[in-house]
Amino acid sequence: MATVLHDERKSPRGGPDRRAGFARSGMAKARRREAVVAYAFLSPTLAFFAIFLILPLVFAFVLAFSNWGGFDLTQIEFVGLDNFAEILNPASSFVAPILVNTLLFAFGSVVLTFVASIVLANAINRLRFQGLWRTLYFLPIVTTVTAVGNIWKYLYEPSGGLINGLLNALGMPSVRFLADPDTALPSVVVVQAWASLGVAILILTAGLKNIPETYYEAAALDGAGVLRTFWNITLPLLRPALLFVLITQVIAGLQSFALIIVMTGGGPGNATNVAGFEMYQQAFNYGLWGIASAMALVLFLIIFAITLLQLWLFRQRGEETS
């Protein structure tokens, strides 16, 4: 007996394909409704970022090519690249010493923070009461910059300061740390590095905790010493944390200006004047908002280029940074 196969795809009622189409359509509508609800919940946050982040960024970009005194929006005058030509002129103080000071301040504090945080994180990882030590090193982060700067100003005082008191006790003369152009910037760099240690130590100790102990046990069985174990095991496996510390510390150093305001005010002369402080002066003291915005855009490009360079260097070493 012949069996007649009924092709349901040709059925006038639609069959399985039609029912599957309805199901897909229903799922698509459900996903759209979920997306609408999700964006509705996110709308306050998105509005906040649009008003306080995106709009100021766009406005600052426009001002970088304009001349504006900071009061009447109708008086914004488009000047093209004149602001950049003025600040990037080799004779301009923005190139030297301000940009030079900014780079020295950033990389000096990063080197000190980087080296000290690696040493201290390894030491803390081998001590008891690790939470206590991490808390002590993290305290400068939760302390206001004004308090940190003023405390160190008193420590640096030529007469009566603790540091000069120790130098005098050792038979050495007092040093005018913040009043001498040769020592002012290094003195502030030390404070910036000290204040940044807490975050770096916290991140690196977390990275050390993620390294399996089996690697160290295998190294001990092979007779590897402390330095060889640190160089061949700890540092390679700590690279993701090191990369994060480097990028964040460089960005923080290049953007820093609050500590400069509190401790030196950019002086003596321009010895400690950095890009962030110069932008503040140009905008709020001199009313040159276009010049300040152009400086901000140049600094952003420098930070972006340095960050990409760091990412490229780590990827060249085979480190997965994504």
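Each listed q (0.15 Å⁻¹) maps to a log10 I(q)/I(0) for region 64-115, found by the Debye formula over equal Cα scatterers with no solvent: -0.62. Candidate values (1) 1.18; (2) 1.47; (3) 0.97 were compared with Cα Rg over 2.2 N^0.38 Å computed on the shown model; the agreeing label is (2).
Considering the convex hull of the alpha carbon atoms of region 231-278, report its projected area averaged over all viewing directions, in nm², one decimal.
Values: hull surface 17.6 nm².
For region 231-278, the mean projected area of the Cα convex hull comes to 4.4 nm².
Ordering L99, N273, L235 by the projection of their Cα atoms onto the charge dipole of region 84-316, which places +1 on the Cβ of Lys and Arg and -1 on the Cβ of Asp and Glu, puts L235 at the extreme positive end. With loop membership from DSSP and a limit of 13 other Cβ atoms within 10 Å, the longest segment of the chain without chymotrypsin sites (Phe, Trp or Tyr not before Pro) is 130-285. Dipole check for the chain: with +1 at the C-beta of Lys and Arg, -1 at the C-beta of Asp and Glu, and the Cα centre as origin, the magnitude is about 1660 Debye. Our coupling estimate for region 173-181, obtained by passing each phi through the Karplus curve with A = 6.51, B = -1.76, C = 1.60 and θ = phi - 60°, is x, 5, 10, 8, 4, 9, 9, 9, x Hz, Gly and Pro reported as x.
In this Cβ point-charge picture (+1 for Lys and Arg, -1 for Asp and Glu), region 14-152 has a dipole of about 1380 debye about its Cα centre. Can you list residues from other chains, or at least 5 along the same chain, whose modelled amide H is less than 5 Å from the amide H of N67? Those lying under 5 Å, H to H, from N67 are E77, F78, V79. A full extension of the chain between S159 and S174 corresponds to an added length of 4.6 nm, given 0.36 nm per residue minus the alpha carbon distance.
A short reminder: the numbers here are calculations on the coordinates, not readings from a lab. All values derive from a computational prediction rather than experimental measurement. All Cβ positions, even for glycine, are placed from backbone atoms using ideal geometry, and neighbour counts span all protein chains on display.
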